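Trainee: The following block contains the structure, expressed as structure tokens.
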Amino acid sequence: MSEVTLPITADYQAVTQFKVRVLLVDDQLIIVEAVRRMLSDHADIEFHYVTDPAAAIATARQLQPTVILQDLVMPGVDGINLIRAYRDDASLAQVPVIVLSARDNPQLKANSFAVGANDYVVKLPDRLELLARIRYHSAGYISRLQRDEAFRFLRASQKNLADANIELQKLAALDSLTGIANRRRFDEVLRAEWQRGKRDKKPLSLLMCDIDCFKMYNDTFGHLAGDLCLKKVAAVLTEHLMRPADVVARYGGEEFAIVLPDTDERGALLIASACRSHIEQLAIDNPRAPNGVISMSIGLATIVPSHEGTAEGLIAMADKALYRAKHDGRNRIVAGPAGPHNDNQRENR
Ligand SMILES: Nc1nc2c(ncn2[C@@H]2O[C@H](COP(=O)(O)OP(=O)(O)OP(=O)(O)O)[C@@H](O)[C@H]2O)c(=O)[nH]1
């Protein structure tokens, strides 16, 4: 037994400790002693009391009891108002209150229940009855705390799971070497943009970009240097994308693809041109290649998506243009036949 005097330093947590914790608020020490005796044989019940009713709220806040035994008539404080004050306090609003009253009066009982008391017994009740009431009200309150804790835990777990899923989805869409979109993401983006272009009747452009003579670079400097070169090229291509909907992806090996929604052939040619010349300006040595430096060939295709065409058809057109760029000597851009400027559109270098 302890009379509680503030501040309390112990860390009371009713949720994690499933002990019944009783706070008796009564100014009469004789009642305190009687209740203490009734509960003293029960190791699972913690008993605390406060004889100064003015300190009841602050004590209860710190102690977080599982049940409050509350006298009604005390000096300076109206017991009914005190019950009201528990109910108005966020941390005590649900704590069960058993009124321990000197009077067996129906009006007092009605008033007590009206302001939020959970029970009413006349002092001093039988020991067994008091124990039963304390246990009954505490058990209900502890279940409520456990349920709230379980909900909090569940909500936190669900949030963690959702965050992890978002992270996984991001990772699943990225190429692990370069950090740009991977082939899977490219397929999704192109499909979505094809549908959007079809709805909006807006041109969709695709650039297929392939590093020239990259095998020679690998053969000369090794695979690790090759990887570093791929990262630099990915960074350059990313730098030239201006709109949020533009996407650069690693299509595979040393090949990159750039999706340019709502972009006509002229606009796509400008971006392709900036990318090609920037990569040449990096001046990455590739001594066994005809240019002597790392360069890039780009095949460009533009189309207004329609029911007749397919996204795969657009890829085939850009691929064909890339093949011609390679065939015509590399380090150049060739626009595919479906663009407004038909056939053999080349960047003016
Ligand atoms: N370092 C490195 N090399 C790669 C990677 N993926 C593909 N390659 C290499 O890229 C080279 C591509 O060679 P090719 O397909 O013959 O093409 P190329 O040498 O670039 O010649 P052209 O495209 O005709 O200009 C091969 O040596 C591949 O091993 C990669 O992730 N890292």
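The values are calculated or read from the model by the stated rules, or taken from the named source; none is laboratory data. Quick caveat: nothing in here was measured; it's all calculated off a predicted structure. In this analysis, Cβ positions are derived from the backbone assuming ideal geometry, glycine residues included, and neighbour counts consider all displayed protein chains.
Trainee: If the requirement is being of a type in the set (D, E, K, R), within 34 Å of the chain's Cα centre (by Cα) and within 12 Å of the ligand (Cβ to nearest atom), which of these qualifies: Arg250, Arg243?
Mentor: Details: Arg243 fails: within 12 Å of the ligand (Cβ to nearest atom).
Unique residue meeting the criteria: Arg250.
Trainee: Here's a follow-up. Restricting region 253-281 to residues that are within 16 Å of the ligand (Cβ to nearest atom) and assigned to a loop (DSSP other than H, G, I, E, B), which is surrounded by the most Cβ atoms within 10 Å (Cβ to Cβ)?
Mentor: Glu254
Trainee: Do you know which of the residues in region 212-240 that are assigned to a helix (DSSP H, G or I) and over 18 Å from Leu282 (Cβ atoms) is farthest from the ligand (Cβ to nearest atom)? Before you say what the answer is, go through the steps one by one.
Mentor: To start, the set of residues in region 212-240 that are assigned to a helix (DSSP H, G or I) comprises 214-221, 223-239.
Now drop any that are not over 18 Å from Leu282 (Cβ atoms), which leaves 215, 219, 223.
Values: Lys215: 3, Asp219: 7, His223: 4 Å.
So, considering only residues that are assigned to a helix (DSSP H, G or I) and over 18 Å from Leu282 (Cβ atoms), the one farthest from the ligand (Cβ to nearest atom) is Asp219.
Trainee: When you check Phe186 against the structure, is it out of contact with any Cys (no Cβ under 7 Å at 6 or more places or on another chain), over 25 Å from Val248 (Cα atoms) and in a helix (DSSP H, G or I), yes or no?
Mentor: no
Trainee: When both residues are 6+ apart or on different chains and their Cβ atoms are under 8 Å apart, which pairs have a first residue that lies in region 110-135 and is of a type in the set (D, E, K, R), and a second that is surrounded by fewer than 16 Cβ atoms within 10 Å (Cβ to Cβ)?
Mentor: Sorted first by the residue in region 110-135, then by its partner, the pairs are Lys123/Ala102.
Trainee: Just one of Ile83, Ile98, Ile134 is within 24 Å of Ile30 (Cα to Cα), within 44 Å of the chain's Cα centre (by Cα), assigned by TED's automatic domain parsing to the domain that holds Ala56 and not in a helix (DSSP H, G or I); which is it?
Mentor: Going through Ile83, Ile98, Ile134 in turn, just one is within 24 Å of Ile30 (Cα to Cα), within 44 Å of the chain's Cα centre (by Cα), assigned by TED's automatic domain parsing to the domain that holds Ala56 and not in a helix (DSSP H, G or I): Ile98.
Trainee: Exactly one of these conditions fails for Ile298: (1) of a type in the set (A, V, I, L, M, F, W, C); (2) modelled with pLDDT of 95 or more; (3) over 30 Å from Arg199 (Cβ atoms). Give me its number.
Mentor: (3)
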